[in-house]
Amino acid sequence: MNLSPIRHPGVLATLEIVRDRAEPRYRSPIRSIAIFTIIKCPEWGVRFVSEHYAFKRETSRSDIIEGIAKSIPADATLICKALPGSFHMPREVSVAMPFSPSDLQLIERQRVDLDVVPVTFREAILDETATTYAIERADPASSPLAQARRAADETQVLWLTFLTTCCRDNDRTSLGSAFQAWRAIDQARPLPF
């Protein structure tokens, strides 16, 4: 199947959620989240916003999910990594499921205006994108702390991989160049934790 490149959405956000590994994934506490938002506007070009937060183990999942839902602009496309071996079910099907809903399903329940798109990219593709843009990634086997420190970078790598593999050439060129300029400025800021 030959897929045609798509036009980059006007508002797109990428999400990375880092959890502890002490318990099974669906029950482990969320330790960090990062949201990278790209907003295209004819008047001022493109704007990038990076949010990165760390949480104590006792912070409730519902409070964190509510905060994520509030942080994403209206009518945005939200992309995030699909969990290995899982698939994303439509809202109508997920309501009838007897097990705990995923983070994405909870976000969708609070924000019906979002177009939530779980994506699967091989680690080698993400590594290649990170190398191309000189972004350091945490190894998937590294500690939750190391992954939390790199969560904002991971959202950027995820977006750049989406941009380079799914979007039209003119979006790749213009948004990629704007990103590189923004990233140079953003790198001067310290980590929030």
*Multiply the residue separation of Ala74 and Asp115 by 0.36 nm, subtract the distance between their alpha-carbon atoms, and state the gained length in nm to one decimal.*
13.7 nm
*Taking 0.36 nm per residue of separation and subtracting the Cα-Cα distance, what length does fully extending Arg122 through Asn170 add?*
14.8 nm
_Heavy-atom accessible area per residue - the range 103-193, 1.4 Å, Å²_ = 52
*List the lysines whose alpha-carbon lies under 28 Å from that of Lys56, not counting same-chain residues fewer than 8 positions away?*
Lys70, Lys81
_Sites Ala134 and Ile185 - FRET efficiency at Förster radius 25 Å, r taken between beta-carbons, to 0.05_ = 0.95
*asked:* On a 1.4 Å probe surface of the protein chains, which of Ser71, Ser177 comes out largest in accessible area, and what is the full order?
replied: Ser177, Ser71
*Could you state how much accessible area Arg150 has, in square angstrom rounded to the nearest 10, with a 1.4 Å probe and all protein chains kept in place?*
70
*Could you pull out the GluC sites (Glu not before Pro) across the range 25-60 that fall in loop regions by DSSP (anything but H, G, I, E, B) with no more than 15 other Cβ atoms inside 10 Å?*
Glu43, Glu58
*Taking 0.36 nm per intervening residue step and subtracting the Cα-Cα distance, what contour gain separates Leu145 from Val49 on full extension?*
32.3 nm
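The values are calculated or read from the model by the stated rules, or taken from the named source; none is laboratory data. The structure displayed is predicted, hence computed values, not measured ones. FYI the Cβ positions are ideal-geometry reconstructions off the backbone, even for glycines, and counts take in every protein chain you see. Heavy atoms of the whole protein, side chains included, go into the accessibility calculation; ligands, DNA and RNA do not. Shrake-Rupley method; radii C 1.70, N 1.55, O 1.52, S 1.80 Å.
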